[in-house]
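The values are calculated or read from the model by the stated rules, or taken from the named source; none is laboratory data. Here the structure is a predicted model, which is why all the values come from computation and not from measurement. Neighbour counts run over all protein chains shown; Cβ positions are idealised from the backbone, glycine included.
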Amino acid sequence: MHNVDFWKKFLLRCFVVGLALMWLLFIVWYLVRDYSFALAHDLFGIHQMYYNKLVIDFFAVSKYILFYVFLVPSLALYWMSHKYKSEWKKNIKLDD
């Protein structure tokens with residue numbers, strides 16, 4: 001049970017940290033979006049429409065990774081540990 005609790009808490013904390021970093025990246029991008037487009041245009045010759053699509057795709061993929069790699073397994077482990085907690089307590093003998 002301790003291993004399940006560790007992974008449950010670890011994945012949930014990874015999700016929270018990842019979500020905070022994603023919001024921070026969005027705020028930074030929003031504040032410097034003109035400069036970052038100019039830099040991307042100078043380096044790669046990319047047009048505004050494609051640049052905006054790349055940014056939107058980046059945030060969409062990041063969101064999917066956060067939800068399906070971190071949040072869904074964490075919720076599944078939480079549900080599993082909550083459901084089988086009484087069964088695990090019967091099998092675990094604690095030293096007095």
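Just to check your reading of the model, which residue among Asp95, Asp34 is at pLDDT 90 or above and of a type in the set (Asp, Glu)?
Values: Asp95 fails: at pLDDT 90 or above.
Criteria check complete, one pass: Asp34.
Can you tell me which residue among Lys53, Lys9 is under 30 Å from Tyr84 (Cβ atoms), among the charged types (D, E, K, R) and under 23 Å from the mean Cα position of the chain (by Cα)?
Values: Lys53 fails: under 30 Å from Tyr84 (Cβ atoms).
Lys9 is the lone residue from the list that is under 30 Å from Tyr84 (Cβ atoms), among the charged types (D, E, K, R) and under 23 Å from the mean Cα position of the chain (by Cα).
From the set of residues in segment 46-79 that are under 13 Å from Lys8 (Cβ atoms) and either surrounded by fewer than 13 Cβ atoms within 10 Å (Cβ to Cβ) or touching a Cys at 6+ places or on another chain (Cβ under 7 Å) (or both), which is modelled with the highest pLDDT?
The first filter runs over segment 46-79 and keeps only residues under 13 Å from Lys8 (Cβ atoms), leaving 70-79.
Subsequent filtering for residues that are either surrounded by fewer than 13 Cβ atoms within 10 Å (Cβ to Cβ) or touching a Cys at 6+ places or on another chain (Cβ under 7 Å) (or both) retains 70, 76, 79.
Values: Phe70: 93, Ala76: 89, Trp79: 86.
Step by step, filter segment 46-79, then rank; the result is Phe70.
Within the group Phe58, Phe44, Phe15, Phe6, which residue is touching a residue at least 12 places away in the same chain (Cβ under 8 Å) and of a type in the set (A, V, I, L, M, F, W, C)?
On the way: Phe58 fails: touching a residue at least 12 places away in the same chain (Cβ under 8 Å); Phe44 fails: touching a residue at least 12 places away in the same chain (Cβ under 8 Å); Phe6 fails: touching a residue at least 12 places away in the same chain (Cβ under 8 Å).
Result of the check over Phe58, Phe44, Phe15, Phe6: Phe15.
Within segment 9-45, take every residue that is among the hydroxyl-bearing types (Ser, Thr, Tyr) and exposed (fewer than 12 other Cβ atoms within 10 Å of the Cβ) and give me the one that is nearest to Ala76 (Cα to Cα).
Pass one, segment 9-45, residues among the hydroxyl-bearing types (Ser, Thr, Tyr): 30, 35-36.
If we keep only those that are exposed (fewer than 12 other Cβ atoms within 10 Å of the Cβ) as well, we get 30, 35.
Values: Tyr30: 34, Tyr35: 42 Å.
Among residues in segment 9-45 that are among the hydroxyl-bearing types (Ser, Thr, Tyr) and exposed (fewer than 12 other Cβ atoms within 10 Å of the Cβ), the one nearest to Ala76 (Cα to Cα) is Tyr30.
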